[in-house]
Amino acid sequence: MLNNRPVVGITQGDGNGIGYEVIIKALADKRILDSFTPVIYGSSKIFGFYRKLLHNIEQLDTYVIGSASEAKPKKINIVNCLPENIYVEPGQPTPESAKSAIRSLECAVQDIKDGTIDVLVTAPINKRAMNSEGFGYTGHTEYLEQTFGVDDVAMIMVSDLLKVGVVTGHIPLRDVASSITTEKILGKLRLMKASLERDFGVDQPKIAVLGLNPHNGDAGLIGDEESTIIRPAVEAAYAEGIMAFGPYSPDGFFSAGNYGKFDATLAMYHDQGLAPFKALSFERGVNFTAGLPIVRTSPDHGTAYEMAGRDEANPLSMMSSIYTAIDIFRQRQRYDETVNGRMQVQYEKEERRNSGRPQIV
């Protein structure tokens, strides 16, 4: 049975950035609460601080709770998981805001593990500040991969125009070429295919694969990774039944609108995929982590300290993140019900077939 009003866990991110502003603006229309129940992990004090700074926001119906299990429908539920004496400095990365971001994330992850929230939406964090406070990961994606004990995940940027995944994520550019292998590309293609089918309802998805070097290496003149690493991965994927094509020259692929011919595109490194994605879909872009047992999305922007506390932040990416998470959650339910139904039918057929056979004693 599909959950008609999923519980959406939302982490506060860095409390000195624009996280609370985009969360409050995204939840400002009471009608939005008809489709899901929000649970914010952070501080009702910080929530109230930013609420007072925002204009044209009607009275918000908030409810402070100790756990997501106490969440009430049609209210903005706030889990107070931070100290009462928390201090806010809009626009300033501080040790306190970094510790709070870590605590917010840990509380939300524990609740989704316990099943008291259905999906996770993470507001932007300051990775450097968090690592200074002992976080130990280069981003949400790496933390969640380790926390849920999966072998691999894929960061997929999602909008109504396109979907872009990356082979290498948050690593220095100087390490990209040595980090790309045929098996790593093949692994990302497997993850993307599975996610496109289960999470987005795409039947036999077509995936474009980009090259690494300018002009696809110019036949080896300025790099041979296309012929020695990437093309073999595409061919191996195709042999497995994955509709992968390429490699395509990255410089002309997006400008010519070729992405529209495919269900998703796999880039070799972070900026190769995210720069054109944000140029085309920045206001409504969503960061989705494929390969996790849970649904996690995030806005495609950062903490934007320069905007914090100024009522300038655009909430569209946060709104898209919430609705994308809900859509994926429901699509997974439909997909799993269909697959389980097929397995049950197949099992019953086998049972009937075997029941008519003579038994060997």
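The values are calculated or read from the model by the stated rules, or taken from the named source; none is laboratory data. Remember, predicted model here, so these are calculated numbers, not experimental data. Don't worry about glycine lacking a Cβ; one is built from the backbone with ideal geometry, like all the others, and counts go over all protein chains shown. Note: areas computed on protein heavy atoms with side chains; ligands, DNA, RNA excluded. Shrake-Rupley method; radii C 1.70, N 1.55, O 1.52, S 1.80 Å.
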In segment 84-93, anything open to solvent by 20 Å² or more (accessible area, probe 1.4 Å) and either within 20 Å of the chain's Cα centre (by Cα) or more than 25 Å from Leu316 (Cα to Cα) (or both) is listed as Glu84, Asn85, Tyr87
Open item on the list: Given the condition outside any helix (DSSP H, G or I) and over 30 Å from Asp111 (Cα atoms), answer yes or no: does some residue in segment 269-289 qualify?
Closed with: yes
Taking segment 208-255 and keeping only residues that are open to solvent by 40 Å² or more (accessible area, probe 1.4 Å), aromatic (Phe, Trp, Tyr) and closer than 20 Å to Thr168 by Cα, one is left with Phe245, Tyr248
Within segment 46-68, the residues that are surrounded by fewer than 18 Cβ atoms within 10 Å (Cβ to Cβ) and in contact (Cβ under 8 Å) with a residue 60 or more places away in the chain are Leu53, Leu54, His55
Taking segment 263-299 and the residues there that are touching a Ser or Thr at 6+ places or on another chain (Cβ under 6 Å) and among the charged types (D, E, K, R), the one that is modelled with the lowest pLDDT would be Arg284
Apart from one, (1) buried (at least 22 other Cβ atoms within 10 Å of the Cβ); (2) touching a helix residue (DSSP H, G or I) at 6+ places or on another chain (Cβ under 7 Å) all hold for Ser43; the odd one out is (2)
With criteria (1) modelled with pLDDT under 95; (2) of a type in the set (Asp, Glu); (3) farther than 28 Å from Met319 by Cα, Asp175 comes up short on (1)
Review point. Within segment 94-109, is there a residue that is open to solvent by 20 Å² or more (accessible area, probe 1.4 Å) and over 21 Å from Thr303 (Cα atoms)?
Key: no
Exactly one of Ala71, Ala28 is open to solvent by less than 50 Å² (accessible area, probe 1.4 Å), closer than 23 Å to Ala304 by Cα and out of contact with any helix residue (DSSP H, G or I) (no Cβ under 9 Å at 6 or more places or on another chain), and that residue is Ala28
Of the residues in segment 154-191 that are assigned to a loop (DSSP other than H, G, I, E, B) and among the β-branched types (Val, Ile, Thr), the one that is surrounded by the most Cβ atoms within 10 Å (Cβ to Cβ) is Val167
Q: Consider Ile78 carefully, then state whether it is in a loop (DSSP other than H, G, I, E, B) and either open to solvent by less than 20 Å² (accessible area, probe 1.4 Å) or out of contact with any strand residue (DSSP E or B) (no Cβ under 6 Å at 6 or more places or on another chain) (or both).
A: no
Filtering segment 119-132 for residues that are crowded, with 16+ Cβ neighbours inside 10 Å and either in a loop (DSSP other than H, G, I, E, B) or more than 12 Å from the chain's Cα centre (by Cα) (or both) leaves a count of 7
Restricting attention to segment 192-206, the residues that are under 15 Å from Tyr238 (Cα atoms) and open to solvent by 60 Å² or more (accessible area, probe 1.4 Å) number exactly 2
Going through (1) free of Cβ contacts under 8 Å to residues at least 24 places away in the same chain; (2) among the small types (Gly, Ala, Ser); (3) farther than 28 Å from Asp263 by Cα one by one, Ser97 fails only at (1)
For segment 284-309 the number of residues that are more than 30 Å from Leu189 (Cβ to Cβ) and either open to solvent by less than 30 Å² (accessible area, probe 1.4 Å) or free of Cβ contacts under 8 Å to residues at least 40 places away in the same chain (or both) is 4
All conditions in (1) under 22 Å from the mean Cα position of the chain (by Cα); (2) modelled with pLDDT of 95 or more; (3) open to solvent by 70 Å² or more (accessible area, probe 1.4 Å); (4) of a type outside the set (Phe, Trp, Tyr) are true of Gly15 except (3)
